[in-house]
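Heads up, the thing below is written out as structure tokens.
The values are calculated or read from the model by the stated rules, or taken from the named source; none is laboratory data. The structure displayed is predicted, hence computed values, not measured ones. Glycine also receives a Cβ, built like all others from the backbone with ideal geometry; neighbour counts cover every protein chain displayed. SASA here: full protein model, heavy atoms, side chains in, ligands and nucleic acids out. Shrake-Rupley method; radii C 1.70, N 1.55, O 1.52, S 1.80 Å.
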Amino acid sequence: MRSNTSMQLFQYWNFIRGERELPCRSEIEPSALRTLLPELFILERDHFGGIKFRLAGTHVCALFDCDLRGEQFATLWFGTQAGRLLQIGRQVMTQHVPVMLSATGRTEDGRDIETELLMLPLASSEGRSDRILGALAPLSRPYWLHATAVSGLDVTGLRVLDPDRTAVFLNEPVMDETISPEIRRVQHLRVFEGGRDA
């Protein structure tokens, strides 16, 4: 992880879940995350099979120059990636697997910014895994940030943060012997093995 926001949120999520696969939404204490809140968001599954923003921090909304609450998560992504990102979000929920994405944000006038997006599964108060706690953090602070809107995101990499669940998440064999165990290709994405130490 390259972003302090991602690192701190992942540590907090791991702390509150303990030995469980995922924590409950009611266990999240905003006061414990107050310095991170502008870059955080919560996604929830809707009744139509989509995934929408339940909450989005001020910096996340400012990046796109709009209020994201109630908006579909898939609309942030360019072209055919929207469907893939919807699938990834569903897998984070159903497989209880934390995921980190690398993505390039692009403006209409051709400016780029590298970002890191963390997706962590959360359970509702009824115990259903139907929410995601996430962070979207730019990896640099150009002068135009939050003054010129990003029109969309382009995924450049995906990292499953639980190495024992990588194959389940990607629905493929654990290892392709022709590819390095540290880095494997999945369609156009690079998958980096990683996770917390035992």
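A compact table of results
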read-out: Yes/no for MET93 being open to solvent by less than 50 Å² (accessible area, probe 1.4 Å), touching a Lys or Arg at 6+ places or on another chain (Cβ under 7 Å), of a type in the set (A, V, I, L, M, F, W, C) and part of a helix (DSSP H, G or I); value: yes
read-out: Flag for THR104 being surrounded by fewer than 19 Cβ atoms within 10 Å (Cβ to Cβ), at pLDDT 95 or above and part of a strand (DSSP E or B); value: yes
read-out: Residue in region 26-34 that is within 18 Å of THR115 (Cβ to Cβ), in a helix (DSSP H, G or I), in contact with a strand residue (DSSP E or B) (Cβ under 9 Å, 6 or more places away or on another chain) and not charged (D, E, K, R) present; value: no
read-out: Meets criteria (touching a helix residue (DSSP H, G or I) at 6+ places or on another chain (Cβ under 8 Å), at pLDDT below 95 and not in a loop (DSSP other than H, G, I, E, B)) for ALA135; value: no
read-out: Within region 146-165, considering residues that are of a type in the set (Gly, Ala, Ser), in contact with a Lys or Arg (Cβ under 8 Å, 6 or more places away or on another chain) and over 19 Å from GLN91 (Cα atoms), the one most open to solvent (accessible area, probe 1.4 Å); value: SER151
read-out: Criterion (over 15 Å from the mean Cα position of the chain (by Cα), under 24 Å from VAL150 (Cα atoms) and of a type in the set (Gly, Ala, Ser)) met by exactly one of ALA74, ALA62; value: ALA62
read-out: Test: residue in region 50-61 that is basic (Lys, Arg), part of a helix (DSSP H, G or I) and touching a Leu at 6+ places or on another chain (Cβ under 9 Å); value: no
read-out: Test: residue in region 18-28 that is out of contact with any Lys or Arg (no Cβ under 7 Å at 6 or more places or on another chain) and under 22 Å from LEU153 (Cα atoms); value: no
read-out: Qualifying position, being among the hydrophobic types (A, V, I, L, M, F, W, C), at pLDDT below 95 and within 17 Å of the chain's Cα centre (by Cα), among LEU55, LEU9, LEU68, LEU85; value: LEU85
read-out: Tally, over region 120-145, of residues that are more than 27 Å from ASN14 (Cβ to Cβ) and exposed (fewer than 15 other Cβ atoms within 10 Å of the Cβ); value: 4
read-out: Answer from GLU44, GLU29, GLU71 - the residue that is out of contact with any Leu (no Cβ under 6 Å at 6 or more places or on another chain), loosely packed, with under 13 Cβ neighbours inside 10 Å and acidic (Asp, Glu); value: GLU29
